[in-house]
Structures are given as structure tokens and as C-alpha cells.
1. What does the C-alpha gyration tensor say about the overall shape of the stretch 63-103? Classify as rounded when a/c is under 1.5, otherwise prolate if a/b is larger than b/c, or oblate.
2. So, by mean Cβ neighbours within 10 angstrom, what's the order for 63-75, 20-32 with the highest one leading?
3. Would you work out which of Gly21, Val40, Gln68 lies farthest towards the positive end of the dipole of the stretch 1-83? Charges go on Cβ: Lys and Arg +1, Asp and Glu -1.
4. Let me check something: with ligands and nucleic acids excluded, how do Val180, Val105 order by accessible area (1.4 Å probe), largest to smallest?
5. Mind putting a number on the dipole of the chain about its Cα centre? Charges go on the C-beta only, +1 for Lys and Arg and -1 for Asp and Glu, and I need it in Debye to the nearest 20.
6. Taking square-rooted eigenvalues a ≥ b ≥ c of the alpha carbon gyration tensor, is the chain rounded, prolate or oblate, where a/c under 1.5 means rounded and, failing that, a/b exceeding b/c means prolate?
7. Ignoring ligands, DNA and RNA, what accessible area per residue does the stretch 60-110 give at 1.4 Å, in Å²?
8. Once neighbouring chains are kept in place and the probe is 1.4 Å, which whole percent of the accessible area of the chain is contributed by carbon and sulfur?
Amino acid sequence: MHADRQPIIGGNWKLNPQSLGEAVSLAGQLRNRLGSQRSVQVVLFPPMPFLHEVAEKLRESELLVGSQDLAVQAAGAFTGAVSAAMIRSVGGQWVLCGHSERRAVFGDSDAIVGQKLSAALAGGCKPVLCIGESLEQREAGQTFAVVAAQLQVLKSFQVSQLQDLVLAYEPVWAIGTGRVATPEQAQEVHLFIRQQVQELFGKNFAQQLRIQYGGSVKSATAAGLMAQPDIDGLLVGGASLLAEEFANIVRFKSGN
Ligand code: 13P
């Protein structure tokens, strides 16, 4: 955490919960706990069919809403696709691009992730670009090479287009495994990412860029991660479905 960068914490609900009622109820519980705090920017990423109602539930609170994904296309005959403009229209301001589950399960390549980033920016959504290495890649000593390669998608943008960009470092081996990176492991990669971004876009941009850590974050580990100088936020999966636990993460307070 750095005094010049406002912390940003995301709750990625993934394919949960299964009903609109449960989604709105969770949003309400989070609003009660976090709706008026301003020190941390909080963005919830519910499943697309619930986005509008969740955004309505959070209206005039400090909690923001985003989409877990978007289509490359802006409009037209693309069955099943959801555009950035549609996300905006139902109250979404943010969008995840290149989450590792999109990459691994749905085949989003770096090229597609770059196009999604472009579609998000063109449609007025603020992007969170997710990057991170697999266990195999880490064990082969390829972590830095992998994240450097994933960052290459940024090259096709001007710095002026990327003012709202947030990066999320999510090592795949830490996602949903209960195996959180140590603060030192995460910091090492965050610093490397910031240096890479500095090479691409200069020091001023790199210094103001916020980089989240994601992968098995719990309230017990949030404060330790956030104490690192280059960790500016967290992207939380499983623990974001538990209102009190997620609220404690946002407060950097251990619930245990
Ligand atoms: P978990 O917190 O469940 O490991 O998920 C992390 C994640 O993928 C957030 O985008």
C-alpha cells in the first residue's frame, strides 16, 4: 500500500450465487457493512444476469459494480455476447479482462485479452487486466517471463487511454487452492510488474498505477499483503461471497 494510491478491493463472485434473490441479499449485506466507507474503493463483480439488480441495490452507496468479462465485439450478430455499452447501461463501471479462468477454461488468448481491453476502453468501462503464472511456470522459474509477456498487450495503447487501468496479479496456483502467495512472493512480482510498466509508459504512470493481488485472500492474510509497498489492493474470489469475511478484508482486519 502506498499513500498516493487509493486501495482497490474487488469481489469476484464468479459463477455464484445461483439465484437473483441470493445475489441481491449478498449485495445488501455488503452495503450494510461497507456502503459508506471511502478509504478503500470496493468493486463487486456479480454474474452478468444479476448485475443490474446488484447495482440498483448499491445505488448511492460507495460500492461499485463491474462485469467479470465482456465481448470483443461492440454490437451486431454475436450470439451470447455482452458489450461494454450494455455493462455500462445496467450500472457496471468496471470489467475484468483476462481472468485466468477465462484464459484457461474459455481459451482467451493474449490477443483476445488485448481486444477485450480495447473494447472495454472504447465502451467506457474501466478495465482490470488480470495476469499471473501457473504452478508449472513458477516451478520452471518462468514467473517474470510469463507476466512480462502478458503485459505486452498494453503496448498497443497510449498512456492517455490507460488512466483508469488496474492490474491484478493472480498467480494461478493460488486461485481457489487455499495456497495464498506470501506477502514477499507477491511483492516481488508486483515490483517487477511496476518496473515493466515503467519501461512501457514511464515513471509517473507506473507510480500511480494500482496493482491488486488475487489468490486465496482471506481476512487473516489481507493486512499482511496490503502492508507491502507495491500491493495496492486485492481481488477476492471465494471469500467475497461471505459478507462479514469480505468486510473484514476491506477493513484489513482479521476475522479469526
Ligand atoms: P479465490 O480468492 O477464490 O482464490 O479467487 C481469486 C480470484 O480468482 C479472484 O479473481
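The values are calculated or read from the model by the stated rules, or taken from the named source; none is laboratory data. Fair warning: this is a prediction, and the values are worked out from it, not measured in the lab. As a convention, Cβ positions derive from the backbone with ideal geometry for all residues, glycine included, and neighbour counts pool all protein chains shown. Please note that ligands, DNA and RNA were not included when accessible areas were found on the heavy atoms of the full protein model with its side chains. Shrake-Rupley method; radii C 1.70, N 1.55, O 1.52, S 1.80 Å.
1. Working: a/c = 2.75, a/b = 1.12, b/c = 2.46.
Here the stretch 63-103 falls in the oblate category.
2. On the way: 63-75: 20.2, 20-32: 17.6.
By packing density, highest mean first, the sequence is 63-75, 20-32.
3. Final value for the positive-end residue is Val40.
4. On the way: Val180 45, Val105 105 Å².
Order by accessible area, largest first: Val105, Val180.
5. Numbers: 21 positive and 22 negative charges, 87 e Å.
Approximately 420 debye in magnitude.
6. Values: a/c = 1.44, a/b = 1.09, b/c = 1.32.
Rounded, since a/c falls under 1.5.
7. Values: 2480 Å² over 51 residues.
With all protein chains present, the stretch 60-110 gives 49 Å² per residue.
8. Values: 5720 of 11160 Å².
Carbon and sulfur together cover 51 percent of it.
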